[in-house]
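Engineer: Dumping the structure here so I can ask a few things about it.
The values are calculated or read from the model by the stated rules, or taken from the named source; none is laboratory data. Keep in mind that what you see is a predicted model, and the values were worked out from it rather than measured. We place every Cβ from the backbone using ideal geometry, glycine too, and count neighbours over all the protein chains shown.
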Amino acid sequence: MQISRNKIEELRGLLETPHRIVLLAHTNPDGDAVGSSLAWCEILQRHGHHVTCVVPNRYPYYLDFMPSIDSMVVYKGDSEGRAEEAVRHADIIFCLDFHTMSRLEGLSSLIDENQHAKRVLIDHHLDPVEDFDLMLSYPEASSTCYLVALLVEQMYGAEHITKSMAENLFVGMMTDTGNFAFSSVTPDVFRMVSVLAATGISIPDIHVNVYNSFTEGRARLFGHVINRKMKIFHNGTVAHMSLTADELRRFWFQQGDSEGFVNYPLTIKKMKMSAMFTEHSDFIRVSLRSRGDIDVNLFAQRYFNGGGHRNAAGGKSFMTMEDTIKHYEACVKEYAREGLL
């Protein structure tokens, strides 16, 4: 995959002299959001820029091993006001792994106050809806980490990818492709993996840290969800699961514990689409996954004011859990009647 030469030159011009830069990732930051931010931060710092990475809320605990992750400023609970100070004085604001300011929740108002900063998008989600001074938007890319790796390679040369950058980039590439199993994986993704591996990273150790470092509570929560909360319907082709706030408390829920649950029904033969509903204080988070040609990005846009990718998307519901599930089941029937399922 080749990033537009014109856009690379435009980005190079923006970064020609040292600037105060803020890197933003989305709410509930995952491996791709965190990894792309940390890797892009490192290359920018090495070229003389003052860079601050900001996330709206805390990343999952199983990402704590990632190099330099302690340098990220978590806006929620930032009593020192570091995020606000950095955003207010930023010359350039990079938005990584999200395509709409609504993914920043409370942080979005801070961004609006800074009218002089250039805004740059580096992302792989469909249909960006904001105005950016420079958009590096490639929905065909398997992950934002893959895009950042390409940017570094095409702007500075692959030899500028350090071991710490490679570790962070690999986390995002691995997690956003389902451990390199999704249809978005191309031969060039594996070429880039070889570039990262050549820096000396330990792929087995990264895999263990991401996938085999959960808490006992998470394991018991998963068993509860699969045994008690998974409903399969529509002739065995659609599933949904749900977790209420009470259930999350009962199993000592920590940020990231439910990551990946929505994928599990897709291991069942004939399954085409899966949904996970997780209750928060003022809304229900909706996660959607699908196989093949089933477009959950369209489903999320139409029924849950959300979006994402063709086979992985999400949204929100402001109804009760019971009404959200009823709404989902009715929408599945309508989607099927239209021949979309």
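Engineer: So how many residues does the range 217-260 have that are touching a residue at least 24 places away in the same chain (Cβ under 8 Å), under 21 Å from the mean Cα position of the chain (by Cα) and within 16 Å of residue 61 (Cα to Cα)?
Structural biologist: Looking only at that region, the number is 8.
Engineer: Return the residues of the range 121-143 that are outside any loop (DSSP other than H, G, I, E, B) and of a type in the set (Asp, Glu); say none if nothing qualifies.
Structural biologist: Once the filter is applied, which keeps residues that are outside any loop (DSSP other than H, G, I, E, B) and of a type in the set (Asp, Glu), the range 121-143 yields only 123.
Engineer: Look through 132, 170 and report the one residue that is touching a helix residue (DSSP H, G or I) at 6+ places or on another chain (Cβ under 9 Å) and in contact (Cβ under 8 Å) with a residue 24 or more places away in the chain. Give the derivation first.
Structural biologist: Working: 132 fails: touching a helix residue (DSSP H, G or I) at 6+ places or on another chain (Cβ under 9 Å).
None of the others qualify; the one that does is 170.
Engineer: Against the condition closer than 30 Å to residue 316 by Cβ, part of a helix (DSSP H, G or I) and among the hydrophobic types (A, V, I, L, M, F, W, C), how does residue 39 come out, does it pass?
Structural biologist: Numbers: closer than 30 Å to residue 316 by Cβ: yes; part of a helix (DSSP H, G or I): yes; among the hydrophobic types (A, V, I, L, M, F, W, C): yes.
When the stated conditions are applied, residue 39 passes them.
Engineer: Let me spell it out: the conditions are (1) in a helix (DSSP H, G or I); (2) more than 25 Å from residue 268 (Cα to Cα), and residue 200 meets all of them except one. Which number is the exception?
Structural biologist: So the condition that residue 200 fails would be (1).
Engineer: Next question, about the same structure. Does residue 234 satisfy the condition of being over 28 Å from residue 254 (Cα atoms) and either surrounded by 14 or more Cβ atoms within 10 Å (Cβ to Cβ) or touching a helix residue (DSSP H, G or I) at 6+ places or on another chain (Cβ under 6 Å) (or both)? Break it down into steps so the answer makes sense when it comes.
Structural biologist: Working: over 28 Å from residue 254 (Cα atoms): yes; either surrounded by 14 or more Cβ atoms within 10 Å (Cβ to Cβ) or touching a helix residue (DSSP H, G or I) at 6+ places or on another chain (Cβ under 6 Å) (or both): yes.
Judged against the criteria, residue 234 is a match.
Engineer: Right, something else. Being outside the structural domain of residue 100 (by TED's automatic domain parsing), surrounded by fewer than 19 Cβ atoms within 10 Å (Cβ to Cβ) and either farther than 19 Å from residue 222 by Cα or of a type outside the set (S, T, N, Q) (or both) narrows it down to one residue among 304, 283, 277; which is it? If you could, list the steps in order and put the result at the bottom.
Structural biologist: On the way: 304 fails: surrounded by fewer than 19 Cβ atoms within 10 Å (Cβ to Cβ); 277 fails: surrounded by fewer than 19 Cβ atoms within 10 Å (Cβ to Cβ).
On inspection, the qualifying residue turns out to be 283.
Engineer: Ok, one more. Which of (1) assigned to a loop (DSSP other than H, G, I, E, B); (2) of a type in the set (Phe, Trp, Tyr); (3) free of Cβ contacts under 8 Å to residues at least 12 places away in the same chain is the odd one out, the single condition residue 190 does not satisfy?
Structural biologist: It fails just one condition, (1).
Engineer: Sticking with this structure for a sec: Restricting attention to the range 7-56, report how many residues are of a type outside the set (A, V, I, L, M, F, W, C), within 16 Å of residue 136 (Cα to Cα), surrounded by fewer than 17 Cβ atoms within 10 Å (Cβ to Cβ) and touching a residue at least 40 places away in the same chain (Cβ under 8 Å).
Structural biologist: 3
Engineer: Kindly evaluate residue 90 against the criterion of being surrounded by 24 or more Cβ atoms within 10 Å (Cβ to Cβ) and either polar (S, T, N, Q) or part of a loop (DSSP other than H, G, I, E, B) (or both).
Structural biologist: Numbers: surrounded by 24 or more Cβ atoms within 10 Å (Cβ to Cβ): yes; either polar (S, T, N, Q) or part of a loop (DSSP other than H, G, I, E, B) (or both): yes.
For residue 90, the condition - surrounded by 24 or more Cβ atoms within 10 Å (Cβ to Cβ) and either polar (S, T, N, Q) or part of a loop (DSSP other than H, G, I, E, B) (or both) - is met.
Engineer: Scan the range 101-120 and tell me whether some residue there is over 19 Å from the mean Cα position of the chain (by Cα), more than 22 Å from residue 291 (Cβ to Cβ), basic (Lys, Arg) and assigned to a helix (DSSP H, G or I).
Structural biologist: Within the range 101-120, none of the residues are over 19 Å from the mean Cα position of the chain (by Cα), more than 22 Å from residue 291 (Cβ to Cβ), basic (Lys, Arg) and assigned to a helix (DSSP H, G or I).
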